[in-house]
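Before we start, here is the structure in question, set down as structure tokens.
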Amino acid sequence: MQVTESAQYLTPRQMLALRDRISSHSNSIKLIVVFLPAVFYFVVLSKYALNYPVADDFNAIVQFLNEYRCSDLQHKTILLFSQHNEHRILLSRIIYVLYDTLPGNINLRTIIYIGNIQLLVSFAVFLYFIYRLLGTRWFWPGFISSLCFFDLSNWEIAYSPMGSVANYSVIMLFFLAAFCYSLAGKYPLILALVFQILAFFSLGSGLIACVALVMFNLLNGQWTKVIWSGLTTAVSAVFYFHNFSLMGSAALTLSLSKTILFFARYMSGHFAFYDLSTQWVPVVIGFMILFLVVLLLPFSRKFRLEHNSSFFVATLLCCLGSSLLTSIFRSAISPIPSYRYLIFAHLIFSVLAVFFFLKFTTKKFDHVQFAIVYVLIINYLVNIHVGVTCYESTRRWILSAQVQHPDVEGAKREMARACNLGIYCWPHDHGR
């Protein structure tokens, strides 16, 4: 009774201040909950990350820095833009070079953390756009997206120095470019163009990301930005494919049926990727995911896009395009996608979660929303088991031999050279 009586004497301004304070505390708690999967992701990563090169790390990091250290300015520039397999990995190489300028040898564990921090930045931008679209209803789609972004089935990217920096860089640069394009003014536009150029030259899927950025500006009706982003994409493509070589991919035999099955299985990656007993369960689930993409797109009957949803449509285009490009080439090597490709399947489901909460907001869907969140938490826990098991087995595999590379003698020579140059030496504890 005393609380009620005292509340009666609060002025309207005091009531608003009290409401804002309660709302602020509530949002702070929600933010903590939303970022809990990220905390767990990095705790697990810190347990298994090694200061030790594996496979592509010998070429993409150690050999590259050896050559960069001993080159003149012109050749250094060529090296930054040169191919790594079928990719150009500009931002990755800039990071390696900047790190190498610091005192002491490089530490590959630190590079792993740098690569995975890019995923954290990407999620923060994604959460920002969720809030712009859904306002006070941001929490549940934000929480589901966090479960998807920081799913431990991403372990194959996460544990790799080269893999984490390269694969997560395109996603981060795409999100940052979209964020800057969404702002008014000359300087955000310049930043957006810089991020877009870096995205194009930072992995093979950079082309898809840049096309999606053009679509983002087109959906927003920003015609000046459409022109700038379109020209940037076209000019970048000319330079990217100048003296470009398909390398091993040129010898692959591509198949439409294999591509379709691979792509469908890819789409099921957040749920049924691990069911190896039959290919049809993951394929069916993959087609169901694609059906949901069409069903949940936030267009009205007059084909008008829901306000502030253009970022998620562009993200969907980027992820689907990148997944399809991967499916075309990788299906010629294996019928099953590798774990390192699952991040785009997770991102696609994150977007679908946002579209679902945008479309179904009435109270009669509360029970459905609760059931969906419950199932996704269970799925997240299953994927934790898969990820931790793979982390553990991969760690044992890495530590089972001094060099995990097809060309053992060549890798040893590059390592000896790197140690003599003061770049990187074999860790005394074998990278533990």
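The values are calculated or read from the model by the stated rules, or taken from the named source; none is laboratory data. These figures come from a predicted structure and were not determined experimentally. For neighbour counting, all protein chains shown are included, and Cβ atoms are generated from backbone atoms with ideal geometry for every residue, glycine included. Side chains are part of the model used for accessible areas, which takes the heavy atoms of the whole protein and leaves out ligands, DNA and RNA. Shrake-Rupley method; radii C 1.70, N 1.55, O 1.52, S 1.80 Å.
Residue by residue through segment 53-97, note down the ones that are in a helix (DSSP H, G or I) and among the β-branched types (Val, Ile, Thr).
Selection gives Ile61, Val62, Thr77, Ile78, Ile94, Ile95, Val97.
Would you be able to tell me the number of residues in segment 63-102 that are open to solvent by less than 30 Å² (accessible area, probe 1.4 Å), over 16 Å from Asn243 (Cα atoms) and at pLDDT below 90?
Residues flagged as open to solvent by less than 30 Å² (accessible area, probe 1.4 Å), over 16 Å from Asn243 (Cα atoms) and at pLDDT below 90 within segment 63-102 amount to 1.
What are the residue pairs meeting all of these: first residue in segment 325-338, first residue under 16 Å from Gly269 (Cα atoms) and touching a residue at least 40 places away in the same chain (Cβ under 8 Å), second residue open to solvent by less than 60 Å² (accessible area, probe 1.4 Å) and of a type outside the set (A, V, I, L, M, F, W, C), Cβ atoms under 6 Å, and 6 or more apart or on different chains?
Thr326/Tyr341; Ser327/Thr259; Ser327/Tyr266; Ser331/Thr259; Pro337/Tyr266
Just the residues that are in a helix (DSSP H, G or I), touching a residue at least 24 places away in the same chain (Cβ under 8 Å) and not small (Gly, Ala, Ser), please, taken from segment 392-418.
Those that are in a helix (DSSP H, G or I), touching a residue at least 24 places away in the same chain (Cβ under 8 Å) and not small (Gly, Ala, Ser): Glu392, Thr394, Arg395, Ile398, Leu399, Glu414, Met415, Arg417.
Just wondering, is there one or more residues in segment 302-317 that are in contact with a strand residue (DSSP E or B) (Cβ under 8 Å, 6 or more places away or on another chain), at pLDDT 80 or above and open to solvent by less than 80 Å² (accessible area, probe 1.4 Å)?
The answer is yes; a qualifying residue exists.
Okay, moving on. Give the number of residues within segment 405-427 that are modelled with pLDDT under 85 and open to solvent by less than 30 Å² (accessible area, probe 1.4 Å).
1
Conditions tested, residue by residue: (1) out of contact with any helix residue (DSSP H, G or I) (no Cβ under 6 Å at 6 or more places or on another chain); (2) farther than 30 Å from Pro282 by Cα; (3) surrounded by fewer than 19 Cβ atoms within 10 Å (Cβ to Cβ); (4) not basic (Lys, Arg).
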| residue | (1), (2), (3), (4) |
| --- | --- |
| Leu219 | no, yes, yes, yes |
| Trp223 | yes, yes, yes, yes |
| Trp228 | yes, yes, no, yes |
| Ser236 | no, yes, no, yes |
| Phe239 | yes, yes, yes, yes |
| His242 | yes, yes, yes, yes |
| Ala264 | no, no, no, yes |
